Amino acid sequence: MILRSLQIGGFGRLTDRRFDFSTGLNVVYGPNESGKSTLAAAIVATLYGVERKKEAWRPWSGSTYAATLVYRLGNGEQIEVQRDFDRDAKGLRVYDRSGNEISAKFDGPKVVPGEAHLGVPLDVFLNAACVKQQAIAIDDGKAAGPIAAHLARALDGGPREDAALGAIARLDDALRTYVGSGRARKNAPLRTLRASAEAQSAAAGEARTRLAALDELRDRMERAAHERERLSAAAAEIDRRGRSVRAGAIAKRLANLRDYRAELAELQADHAAYADVAAFPAERESEIEEAFYAWESAQHAAAIALADAEAARLTEAERAELERRRRDAGSIDESTFEALAAAHGRANAARAAAATAAREAAAARVESSAGSPPRLARASALAAVCIAIGFAIAHNWTWTSVAAALALIGLGAALAQQREGTKSDRRAAEKQGVADDALRAEEAAANAVSAVLDPLGIDRFEELAARRGRLAEILARKGQAERSADRARTARLAAQAAGVRFDRLAAGVLPDVDGERTARKAAVNVRAARRRERDGIDAHLHALEMRKSTILGSDDEYALESERADLQRDGVEPAEDDAPGALRMIENERTSIGEALRTARDTYARLSGEIDAVQAQVGDLAKLDEELAQTQTEVARLEAFERAVTLAKSTLEQRTGEAHQAFARRLEDYAAATLGAITAGRYAEIFVDPTTLAIRVRVPETQAIADLDAVSAGTRDQTYLVVRFAMARMFGEGIETPPLLLDDPFAYWDAARIERCLPVIEHGARAAQAILFTASRELADAAVRRGAHRLDLPEPALV
């Protein structure tokens, strides 16, 4: 298989792009995140579908999720695969070079172009022909078994020198010629007969199904006719009920109108009885009542203030006493009284000081007179003792100085006692002088007080103070009486003003009423009550008007009368059901029945058309059964032939088991030849395990057989690439050579790896188309220099 071109409408980050490929080596260059892996996935998805990862590759731009792949098979046939990934299997179209759709030629209900043309399922293709990033090694796990099985199957038509294989080939030819194989596209007699038998069986089954469906359609049509008739009767009944309920509703509304007119006439008569208060401002009642109660409150307050003023008024005795106190105690101003108080205080203080000083002077005199004889006696005795001691000592010349000292001490003590007595006499004289001064000060102060009190006929200062206190008390009572009188006057004036305000307001609303204020206030209350009653009648009249609107709605009374007459002429009996919403419920039921009736009529017409169509499609069941029997007989004959040939082939295959495992030796031969050419004969032997596809090489230095993990990274990379291309070559011998998709298989492409691995890829691409995806500019340039076809992907847009 050679890929020619890929047109992408939208796949992952790729949108509206076309890629043209050539035979041999193709290199797709682009930086990371530019869409290399997306392009490889788009090729695989177009060949095998995206059922497993449909949402993973949905276009980022929201464009059409579709792609078209054109490739050429080994027999020269060109195929075009168109896929709309959103529609899954229904979105797949496969065309040949002439533009004929060939999807129907594939086996099975789902078309998989990759499996049909390459002969391998998706998992084998992914593990054998697709190398993911940094995954050049061949998986020796679950993928090895399916790859080995398909390699063996691809080599069934291998070398013809083996007679057993030749016989098997001839048996296979017989099967292909007379029976056909599962991979055959043109000559498949048994499959064609089986398909014919299936088609004829399906046609007969379909004919029986259509006959059964025709009977079922007739039953359904009959039921639809009954349903249509039932709904028509129900529609007529609901129409009758609706007209009856409508007649009852009109009769009820007209009766309500008569009741409305009677009640309206009664209210209008009541309303006329209150014509006298039509203009009375009832809203001012509260204002007048407020003025009336304000006047009553002011009257009560004035009476209380007057009683308080009478109680606070001074008596005649108090007024006379007030005059006397003004003449004596009141004749002295405050400064004079304060001076008298100070003089009175000084006199009292001087009297107390004189008494104290007199007591102290007397005590000093007593002390001085009592202490003089003893002091003199003690001094004389002391002097005599000192003289006697001195005389006695004087006879002893040794004590002469001591005697003199003692004499002097005795004399000093006598003199000291004499001085103490003199001081006591002096203190007594001083205290007496202080007492005399205080008596003189007292007398002066007392004379000053008497000079003021004597003209007033008052003996003592305390009596003056008492009279002044009484004067202040009477004056305070007088001030209180005056204030009470003022409050009484103010209250009286306020009561008069409140009365004037009430009179003015009452005269404004009742100009025709006179008399006491209480009577006028009562008259205001009576008229306000009548006005409220009149307003209530007005409100009732307004409610009656709204009731009329409710009764009539948007209808006219005369139109209702005319409609009732028409219903009576038609013989419609008014319904007694006056439940709220009865007419609305009937209308809803009428609408529902009408819709159901239309649906029943449509169903009847549709079923009639379906019956005509089915009758036209039902074929001749007897003829179909006869043709099916003939086909089944031929299928049984070919199946017997197939069993016989298969038995013979199985017998030969038991003898040629090694031939079916020859793919491993073939793979070793192909890979060793290529690896030897690449390494200049250094590595010429490769060993492949047919079960696990594990690869080993003979090391030239030691001649030991070693795993690839034991050799250098360069040899390991080259070996894996060689085996990949050898597998593609082997697939091509028996089925179809798959293209190799190498998605940046190494961790990095340095100069050494490019020089080592690029020749391998170039050599392998001569037998199988290779598409190398890389982010290495150096690798892309080197591949182009070796003749590779280059495709560039743009830098990814910054988000």
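Points to keep in mind about this one:
- For the pair the range 188-252 and the range 733-795, the centres of their Cα atoms are 66 angstrom apart.
- For the range 704-777, the set of trypsin sites (Lys or Arg not before Pro) satisfying both a DSSP loop assignment and a count of at most 13 other C-beta atoms within 10 Å is given as Arg766.
- Among the chymotrypsin sites (Phe, Trp or Tyr not before Pro) within the range 689-778, those in coil by DSSP and having at most 10 neighbouring Cβ atoms inside 10 Å are Tyr748.
- Calculated FRET efficiency for the pair Arg790/Asp709, C-beta based, R₀ 35 Å, to 0.05: 0.55
- Counting Lys and Arg as +1 and Asp and Glu as -1 over every other residue whose Cβ lies under 12 Å from the Cβ of Ala613, the net charge comes to 0.
- Available extension along the chain between Ser286 and Val434 is 44.4 nm, counting 0.36 nm per residue and deducting the alpha carbon span.
- Per-residue HN-Hα couplings for the range 220-228 [Karplus 6.51, -1.76, 1.60; θ = phi - 60°; Hz; x = Gly/Pro]: 5, 5, 5, 5, 5, 5, 4, 5, 4
- Remark: the Cα gyration tensor places the range 1-143 in the rounded category, a/c being less than 1.5.
- Couplings 3J(HN,Hα) of the range 339-346, computed from phi: 5, 4, 4, 5, 5, 5, x, 5 Hz, in residue order, whole Hz [Karplus 6.51 cos²θ - 1.76 cosθ + 1.60, θ = phi - 60°; x for Gly and Pro].
- The range 438-592: C-alpha gyration tensor shape, a/c 1.5 cut-off, then a/b vs b/c: prolate
- Amide H to amide H distances under 5 Å link Gly10 with Asp16, Ala66, where only residues 5 or more positions off or on other chains count and H is placed in the peptide plane.
- Nonlocal amide H pairs with Arg4, under 5 Å, H built at 1.01 Å: Val70, Tyr71, Arg72
- Stretched out straight at 0.36 nm per residue, the stretch from Asn187 to Asn75 would grow longer than its current Cα-Cα span by 38.7 nm.
- Per-residue Karplus couplings for the range 560-566, computed as 6.51 cos²θ - 1.76 cosθ + 1.60 with θ equal to phi - 60°, are listed in order as 5, 4, 5, 5, 5, 5, 5 Hz, Gly and Pro entered as x.
- Probe 1.4 Å, protein heavy atoms only - accessible area per residue of the range 228-320 in square angstrom: 57
- Loop sites in the range 663-704: GluC sites (Glu not before Pro), DSSP, at most 11 other Cβ within 10 Å: Glu701
- Rounded Å value of the spacing that divides the Cα centres of the range 111-138 and the range 36-58: 13
- Separation of the range 79-103 from the range 449-495 is 133 Å, based on Cα centroids.
- If the segment from Leu314 to Gln268 were pulled out straight at 0.36 nm per residue, it would be longer than the present Cα-Cα gap by 9.4 nm.
- Shape call, the range 681-764: gyration tensor on alpha carbons, a/c limit 1.5: oblate
The values are calculated or read from the model by the stated rules, or taken from the named source; none is laboratory data. On a predicted model such as this, the values are computed, not experimentally measured, just so you know. With ideal geometry, Cβ positions are generated from the backbone for all residues, glycine too; neighbour counts draw on all protein chains shown. Heavy atoms of the whole protein, side chains included, go into the accessibility calculation; ligands, DNA and RNA do not. Shrake-Rupley method; radii C 1.70, N 1.55, O 1.52, S 1.80 Å.
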